[in-house]
Amino acid sequence: DKIMTENLKVSLFIDKETNIISCELNDTISKAKTLMLLNGFSQLPILYNGKIQGCISWKSIGKIEAIDNSKKLVKQYVEKPIVVKETDNFLDYIKVIAQNDYILVIDSEEVLKAIITTYDMTLYFEDFITPYLKLGIIEDCIRKLITKIQPIDLKKDINELVYGQYKKIFEIEENWAKLGLTNLDKGTFVQKLEEIRIIRNKVAHYKPTPLTKEEHFVVKSFAAIIEQVSA
């Protein structure tokens, strides 16, 4: 929804614990290559006093060396990177990252804060987007179960219900009995719904901290179970 997408700032996708490794314009190309090889990087920012002077990548190196293999300094291999602010909306740059392999992220004082690559984007989307998908599956399945039992006390359109109302419906013994889920404990199921509600609210309002491993597990495991019982 709008709240989610507006708050997907680039800063959310930055690994704050990663040290930035860089080179300078007058460094040798062999030094830059060694830094990239030893750290498993495909690109390296070129900095001076923390400010971006450009970037060097295996692609930029390959383009130059295909024509002239005699150049020795980093400044002879510079490419102009895509630079974005950490306050920008991440969704605006998905296509840019895919096309350019990476982006550089700066703060309000134009100091480099991070590099986000296509590889990073894949990992981040596993953490950030999967919960959206799984929570959507869970809610669809909950509504499917409610449609099956057709509770007599349902006073709203099913698409207008929220998690608090889901819980109240399943807490009623008559409604639970209609489901025929004899191998599932009603109290434990409802308690798990409350956990899902809390996680869903955290995701919907997009808190600065991503979901924990435990929260990821709760969402994935509950989605797997409820998909089975609602089929």
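The values are calculated or read from the model by the stated rules, or taken from the named source; none is laboratory data. The structure displayed is predicted, hence computed values, not measured ones. Every residue, glycine among them, receives a Cβ derived from its backbone with ideal geometry; neighbour counts consider all protein chains shown.
Residue 200 meets the conditions (1) touching a Lys or Arg at 6+ places or on another chain (Cβ under 8 Å); (2) in contact (Cβ under 8 Å) with a residue 60 or more places away in the chain in every case but one. The failed one is (1). What do you reckon, is residue 192 touching a residue at least 24 places away in the same chain (Cβ under 8 Å) and either on the phi > 0 side of the Ramachandran plot or in contact with a helix residue (DSSP H, G or I) (Cβ under 7 Å, 6 or more places away or on another chain) (or both)? Yes, satisfied. Among the conditions (1) modelled with pLDDT under 90; (2) surrounded by 14 or more Cβ atoms within 10 Å (Cβ to Cβ); (3) in a loop (DSSP other than H, G, I, E, B), residue 11 misses just one, which is (3). With respect to the conditions (1) outside the structural domain of residue 219 (by TED's automatic domain parsing); (2) out of contact with any strand residue (DSSP E or B) (no Cβ under 8 Å at 6 or more places or on another chain); (3) in a loop (DSSP other than H, G, I, E, B); (4) not polar (S, T, N, Q), residue 81 falls short on a single one, namely (2). Based on what the data block shows, is residue 154 modelled with pLDDT under 85 and either at negative phi or assigned to a helix (DSSP H, G or I) (or both)? Yes. Each residue in segment 101-146 was checked for being in a helix (DSSP H, G or I), more than 19 Å from the chain's Cα centre (by Cα) and not assigned by TED's automatic domain parsing to the domain that holds residue 216, and 0 of them qualify.
Exactly one residue out of 56, 3 is at pLDDT 95 or above and touching a helix residue (DSSP H, G or I) at 6+ places or on another chain (Cβ under 8 Å): that is 56.
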